[in-house]
Amino acid sequence: AYEIASGDWSSDVCSSDLFPSHDTVLGVFVGGGHYFGRNHVVDGSFDWDLYPSLTLRYRYEWRNDNATLNLGPIVGVKIKLANQKPLDNFLDNRESLQSFYGVVGLGAGFPLGLSVVHSELLALFNQQLVIVASLGIHFFI
């Protein structure tokens, strides 16, 4: 099964040490992925939150017995594609953002018809820490 995710709301907090400033950014993403077996997912997405970027990720999804909830860890990379401002221009210090981030976090989702409502809490790291919370919907084709 392939997935297409759209409609992302992201809230980003940028920090060079431990949260001295808080910036909120609204973003969007679209992507596709593939399940390997029941629990392993590899996906890629085009994101426009901090800047236009490509994110490649691996997710492990644990499901409860009646498949009404899935959750699990996420690891990956986020790579800057262009030097454009975020869609909402609310970042105070976007020049300090790195062009490449490692990604670790936790995702959770629940089925809604043939789709899955999915939320994530991610930490992006590369000489600074960016915390990203997102909510989206995954459509299966």
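Could you calculate the contour length gain from Val28 to Leu114, that is, 0.36 nm times the residue separation minus the distance between their Cα atoms, to one decimal place in nm?
28.8 nm
Projected area of region 31-141, taken from the Cα convex hull and averaged over every viewing direction, in nm²?
Result: a mean projected hull area of 7.2 nm².
Out of Ile79, Phe125, Ile137, whose Cα points farthest toward the positive end of the dipole of region 59-141 (charges: +1 Lys, Arg; -1 Asp, Glu; placed on Cβ)?
Most positive-ward Cα: Ile79.
For region 113-141 and region 23-64, what is the centre-to-centre distance using only Cα atoms, to the nearest Å?
If we compute the Cα centre of each part, the gap is 6 Å.
So between Leu106 and Ala123, what do we pick up on full extension, going 0.36 nm a residue minus the alpha carbon distance?
Contour length minus the Cα-Cα distance gives 5.2 nm.
Which cross-chain or sequence-distant (5 or more) residues have an amide H under 5 Å from the amide H of Leu69, H modelled 1.01 Å from N in plane?
Asn64
Can you tell me the order of 103-110, 33-40 when each peptide is scored by its average per-residue count of other Cβ atoms within 10 angstrom, highest first? Kindly include the intermediate steps, with their values, before the conclusion.
On the way: 103-110: 17.0, 33-40: 12.2.
Highest mean packing first, the order is 103-110, 33-40.
Under a 5 Å amide H to amide H cut-off, with H placed in plane at 1.01 Å, what residues pair with Gly27 once short-range neighbours are removed?
Those lying under 5 Å, H to H, from Gly27 are Ser10.
How large is ³J(HN,Hα) for each residue in region 130-140, as worked out from phi by the Karplus curve 6.51 cos²θ - 1.76 cosθ + 1.60 (θ = phi - 60°), to whole Hz, x for Gly and Pro?
So the Karplus estimates, Gly and Pro as x, are 10, 9, 10, 10, 9, 9, x, 10, 9, 9, 9 Hz.
Quick one: Karplus J couplings for region 62-67, per residue in order, coefficients 6.51, -1.76, 1.60, θ = phi - 60°, nearest Hz, x for Gly and Pro?
Values per residue, Gly and Pro as x: 8, 10, 6, 4, 9, 6 Hz.
Read-outs: derived from the displayed coordinates by stated rules, not from any lab. In this text, all values refer to a predicted model and were calculated from it rather than measured experimentally. Virtual Cβ from ideal backbone geometry, glycine too; neighbours counted across all protein chains shown.
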